[in-house]
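As structure tokens, the structure follows; a few thoughts come after it.
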Amino acid sequence: MTESYDLVIIGGGIHGAGIAQAAAARGLSVMVLEQTGIASGTSSRSSKLIHGGLRYLESGQLSLVRECLHERALLLKLAPQLVKLKSFYIPVYPDTTRRPWLLRTGLSLYALLGGLHPAARFRRVPPSLWQNLDGLDTTHLEAVFQYSDAQTDDAMLTRAVMRSAQQMGAHLKMPATFTGACLGQQDERDNIIEYRHNGQTETCAATVLVNAAGPWVQQVSSRIIPVPAQPGIDLVQGTHIIVPGILTQGIYYVEAEDKRVVFVMPWQNNTLVGTTESAYQGDPADVRPLPHEQAYLLQTLARYFPQHRGRQPILTAIAGLRVLPSSGSGAMSVNARSRETILHPDRQDHPRLLTVYGGKLTTYRLTAERVMAHLAGVLPVRKVIADTRHLKLD
Ligand SMILES: Cc1cc2nc3c(=O)[nH]c(=O)nc-3n(C[C@H](O)[C@H](O)[C@H](O)COP(=O)(O)OP(=O)(O)OC[C@H]3O[C@@H](n4cnc5c(N)ncnc54)[C@H](O)[C@@H]3O)c2cc1C
């Protein structure tokens with residue numbers, strides 16, 4: 001007999017895991033299909049920040065920043081072993097475009113959006129303390145601002161969310177590759193989902209199918225019959241490098257030569273530097289760090305930390321793919337493009353399908369709750385087990 005679920009989710013990244021958790025918490029029967037491993041896609045290749053996104057203030061994305069700061073506060077409580085508050089430092093030199101008045105304004109707004117919580121406070125670091133800042137170049141240094149945001153291990157966080165979902169009854173099939181679905185309009189018996197598992201083709205039925213395949217989202221959509229309408233998206237590659245060197249004070253928020261923000265962060269007793277933004281076309285599985293991206297990050301690192309000048313050892317380089325709304329004409333810069341998650345229900349043709357585009361690690365829980373709200377009229381009502389606002393993660 002064909003197995004039947006309330007919800008089948010394609011993708012074991014942070015969104016798939018988060019949606020599985022939110023659904024299982026509502027007592028729904030859930031299955032996640034993951035082709036490779038939990039967090040094997042973008043969710044292990046991020047900058048690992050649970051943050052409001054100070055730079056999104058520049059593009060006026062205030063509601064996104066407020067939501068992110070709210071989720072940050074929650075995750076600091078729910079996952080204290082996994083999400084940790086860190087000091088962030090922003091140095092200002094004569095050629096820094098974000099001048100002290102602008103930073104003070106931005107950080108004040110950030111504190112306001114963070115509810116003026118103690119973790120939202122910022123300060124100007126006195127020059128007498130600059131020598132403690134991990135070898136930061138103090139030549140012509142005009143000011144340093146310090147504020148707080150959080151860092152996590154993205155893959156561990158994703159696995160913790162998936163475990164939480166499984167503890168409430170969610171099923172995980174892995175490795176299991178979604179190969180196709182034929183979606184009907186009436187009830188779950190109409191929605192037949194096909195996947196490869198243990199070398200076999202298996203099928204199941206589901207009331208609702210959620211496509212949370214991250215950069216593979218279009219590939220997955222194209223395997224659904226009838227083929228759903230899709231919003232225009234771009235895949236944008238972001239690379240990080242890991243170099244030797246321990247940072248003891250926190251995370252540095254610096255400006256690259258092209259004025260983009262680059263983070264220099266402590267990571268597993270080394271230093272993580274990222275990220276870049278390059279348009280990507282091709283199979284998401286083939287994304288690789290590019291030589292020019294690695295050179296750009298090394299050059300930015302050396303600009304601010306003279307101890308890295310002339311030294312080029314890269315221990316590892318990692319590339320991930322963002323899913324962003326299409327730039328269309330190309331006039332809209334990557335930085336200004338919304339990082340908000342797009343939920344794409346297609347009520348007319350596909351009332352039983354929901355597709356997740358883009359989004360942030362930080363807001364995965366909120367996204368999952370929104371997915372549940374979108375599907376409220378289609379999914380059955382079951383006995384609620386828990387509320388994700390109170391579920392501890394470890
Ligand atoms: C460079 C970079 C830096 C970032 N930094 C941050 C940050 O600091 N903070 C933050 O909040 N956000 C950050 N983000 C955003 C965040 O990382 C992503 O929004 C998030 O990880 C996306 O998760 P996802 O679950 O949608 O996709 P993914 O993690 O990619 O998961 C999709 C999963 O679907 C699976 N899959 C695909 N096709 C199939 C199939 N046919 N069958 C079965 N499984 C399939 C894949 O194997 C994969 O595991 C960053 C993103 C990038 C690219």
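The values are calculated or read from the model by the stated rules, or taken from the named source; none is laboratory data. Small disclaimer: the values here were computed from a predicted structure and weren't measured. Using ideal geometry, Cβ is built from the backbone for each residue, glycine included, and neighbour counts are taken over all protein chains shown.
For this structure, a couple of remarks:
Every residue, every condition in (1) outside the structural domain of Gly18 (by TED's automatic domain parsing); (2) in contact (Cβ under 8 Å) with a residue 40 or more places away in the chain; (3) away from the ligand (no atom under 14 Å from the Cβ); (4) surrounded by 19 or more Cβ atoms within 10 Å (Cβ to Cβ), yes or no:
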{"position": "Glu202", "(1), (2), (3), (4)": "no, no, no, no"}
{"position": "Val208", "(1), (2), (3), (4)": "no, yes, yes, yes"}
{"position": "Asn211", "(1), (2), (3), (4)": "no, yes, no, yes"}
{"position": "Gln219", "(1), (2), (3), (4)": "no, yes, no, no"}
{"position": "Thr248", "(1), (2), (3), (4)": "yes, yes, yes, no"}
{"position": "Val261", "(1), (2), (3), (4)": "yes, yes, no, no"}
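- Residue that is farthest from Val217 (Cα to Cα) [pool: residues in region 169-188 that are crowded, with 19+ Cβ neighbours inside 10 Å and in contact with a helix residue (DSSP H, G or I) (Cβ under 8 Å, 6 or more places away or on another chain)]: Ala170
- Filter result (within 19 Å of Ser47 (Cβ to Cβ), away from the ligand (no atom under 12 Å from the Cβ) and under 23 Å from the mean Cα position of the chain (by Cα)) within region 280-299: Arg288, Leu290, Gln294, Tyr296
- Contact map, region 169-184: residues that are farther than 16 Å from Thr207 by Cα paired with residues that are among the hydroxyl-bearing types (Ser, Thr, Tyr) and assigned to a loop (DSSP other than H, G, I, E, B), Cβ distance under 9 Å, separation 6+ or inter-chain. Pairs shown: Gly169/Ser29; Met174/Thr36; Pro175/Thr36; Thr177/Thr36.
- Residues in region 342-375 that are modelled with pLDDT of 95 or more, touching a Gly at 6+ places or on another chain (Cβ under 7 Å) and of a type in the set (A, V, I, L, M, F, W, C): Ala368 only.
- Selection count where residues are more than 7 Å from the ligand (Cβ to nearest atom) and touching a Cys at 6+ places or on another chain (Cβ under 7 Å), scope region 25-81: 3
- Ala25 satisfies every condition listed in (1) among the small types (Gly, Ala, Ser); (2) farther than 28 Å from Ile242 by Cα; (3) touching a helix residue (DSSP H, G or I) at 6+ places or on another chain (Cβ under 6 Å) except (3).
- Looking across region 225-238, the residues that are closer than 26 Å to Ser44 by Cβ and aliphatic (A, V, I, L, M) come down to Ile233, Leu235, Val236.
- Subset tally (residues that are modelled with pLDDT under 95 and closer than 17 Å to Ser43 by Cα) for region 310-321: 0
- Among the residues of region 1-14, those that are within 15 Å of Leu353 (Cβ to Cβ) and either buried (at least 24 other Cβ atoms within 10 Å of the Cβ) or within 10 Å of the ligand (Cβ to nearest atom) (or both) comprise Leu7, Val8, Ile9, Ile10, Gly11.
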